[in-house]
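Okay, so here's the structure we're looking at.
A short reminder: the numbers here are calculations on the coordinates, not readings from a lab. These numbers come from a predicted model, not from an experiment. All Cβ positions, even for glycine, are placed from backbone atoms using ideal geometry, and neighbour counts span all protein chains on display.
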Amino acid sequence: MKDILHFSHANGFPASTYRTLFAELADHYDLRFIERIGHDARFPVTRDWPHLVDQLLGDIERTYDRPVWLVGHSLGGYLSLMAALRKPHWVKGVVMLDSPVIAGWRSSLLRVSQWTGLDERLSPAAATRKRRTQWSSRDEAWRHFYAKPAFARWDERVLSDYIDFGIPQVAPDGARALAFDRRTEYLIYKTLPHTLGARLVHGVPVPVGLIAGTQSREVRQVGLEASARATAGHLEWIEGSHLFPMEKPLETVRAVQRMLHALSGA
């Protein structure tokens, strides 16, 4: 019987964006996911994301009859870790993809910046408020994103899936629109938890690993001191930005597999 792997996506990118990764992981794991976290009115986006954790835990409770591996990218990594802290007996371990733990003076700075609004300068929140939401066709959407340097680095299979599932057709004439609500994406950025580091002071009740991008701005901003403690040294690097799972999906899969194997013996 395969182990169960529950994957949680990054903010703004529906889970099916990661289908190239899923196809590889499905050979060894029974893989499940929530397509769009934060879009169920029963689980609103609020400060520190308690209801988003509830959404993840509720899906785990309804779907699985044994402990699962939690793997998540960015937002998904944080939610996976917080879910494991709440219900460790439901979780075999956690792998976070570029989800560095914010702790110490940086968590205090985040709290203050959220009060003052300065956090928008340190995250994509400001850009999210003005994000384009509609395109006339699939070709127009593809050209729009492929022309952006950040998306041009993506594996074309992943970009194709993002166009198909993140910007689905919404009208008979071929018009397309973002599937991930712009307001929800903005609120997730604005309510990034600043208490997670404090919750990890006494350790983590399950094995945890972090895979980080060598060019990740998020890792540079946050640092890895708290993550190193939480992961007990289970840290691996992949060449790429914060979005390295989109840039190098197959390398990411291999790193996840190695990390899961290491955590199995932890």
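Assuming R0 = 22 Å, what is the FRET efficiency of Arg217 and Ala177, from their Cβ-Cβ distance, to the nearest 0.05?
Details: r = 28 Å, r/R0 = 1.28.
Computed FRET efficiency for Arg217 and Ala177 comes out at 0.20.
List the lysines whose Cα lies under 23 Å from the Cα of Lys2, skipping any in the same chain that are fewer than 8 positions away.
Filter leaves Lys87, Lys92.
Using modelled amide H (1.01 Å from N, peptide plane; none on Pro or chain starts), what sits under 5 Å from the amide H of Ala179, excluding residues fewer than 5 places away?
Long-range HN contacts for Ala179: Ile167.
Stokes-Einstein D for segment 132-177 at 37 °C, 0.692 mPa s, Kirkwood Rh over Cα pairs, in µm²/s? If you can, show how the numbers build up before the last one.
Details: Rh = 10.5 Å.
D = 311 µm²/s.
For Gly209, enumerate residues with amide H under 5 Å from its amide H, sequence gap 5+ or separate chain, H modeled in the peptide plane.
Those qualifying (amide H under 5 Å, at least 5 residues apart or on another chain) are Val94, Val95, Met96.
At what distance in nm do the modelled label points of Glu236 and Gln257 sit from each other, each positioned 7 Å from its Cα along Cα→Cβ?
1.0 nm
Among 196-206, 12-22, 144-154, what's the highest-first ranking by average C-beta atoms within 10 angstrom per residue? Intermediate values should be presented prior to the final figure.
Details: 196-206: 15.2, 12-22: 22.9, 144-154: 13.6.
The most tightly packed comes first, giving 12-22, 196-206, 144-154.
Rg to Rh ratio, the chain, alpha-carbon atoms and Kirkwood radius?
On the way: Rg = 17.7 Å, Rh = 18.7 Å.
That ratio is 0.94, to two decimals.
Karplus couplings for segment 210-225 from phi (6.51 cos²θ - 1.76 cosθ + 1.60, θ = phi - 60°), rounded to Hz, Gly and Pro as x?
10, 10, 10, x, 5, 10, 6, 5, 5, 5, 4, 5, 8, x, 10, 4
For the chain, what is the calculated [θ] at 222 nm in deg cm²/dmol (nearest 500), taking -39500 (n - 2.57) for each run of four or more DSSP H residues and dividing by its residue count?
-11500 deg cm²/dmol
Take each uninterrupted DSSP H stretch in the chain, measure its Cα extent along the helix axis, and return the ones at 15 Å or beyond whose mean Kyte-Doolittle hydropathy is at least -0.5. List each step's numbers first, then the result.
Values: long enough: 50-63 (20 Å, -0.31); 75-86 (17 Å, 1.11); 105-116 (16 Å, -0.47); 249-264 (22 Å, 0.19).
Helices meeting the span and hydropathy rule in the chain are 50-63, 75-86, 105-116, 249-264.
Tell me, what HN-Hα J-couplings in whole Hz come from the Karplus equation 6.51 cos²θ - 1.76 cosθ + 1.60 at θ = phi - 60° for each residue of segment 25-36, using x for Gly and Pro?
My calculation for segment 25-36 gives 5, 5, 5, 10, 9, 7, 9, 9, 6, 9, 5, 9 Hz in order.
Among the aspartates and glutamates, which fall within straight-line cross-link reach of Lys130, defined as a Cα-Cα distance under 17 Å, with same-chain neighbours fewer than 8 residues apart omitted?
Asp119, Glu120, Asp181, Glu185
Quote the FRET efficiency, to the nearest 0.05, computed for Ala26 versus Arg129 with a Förster distance R0 of 35 Å and r equal to the Cβ-Cβ distance. Kindly include the intermediate steps, with their values, before the conclusion.
Numbers: r = 36 Å, r/R0 = 1.03.
Between Ala26 and Arg129 the formula returns 0.45.
State the extension gain, in nm to one decimal, for the chain segment bounded by Asp54 and Glu140, taking 0.36 nm per residue of separation less the distance between their alpha-carbons. Intermediate results must be reported in sequence, preceding the final value.
Working: separation 86, 0.36 × 86 = 30.96 nm, distance 3.73 nm.
Separation in residues times 0.36 nm, less the Cα-Cα distance, equals 27.2 nm.
Calculate how many DSSP beta bridges within the chain are antiparallel, expressed in % of all such bridges and rounded to the nearest 5. Walk me through the numbers before you get to the answer.
Details: 3 of 26 bridges.
So the antiparallel bridges amount to about 10 percent of the total.
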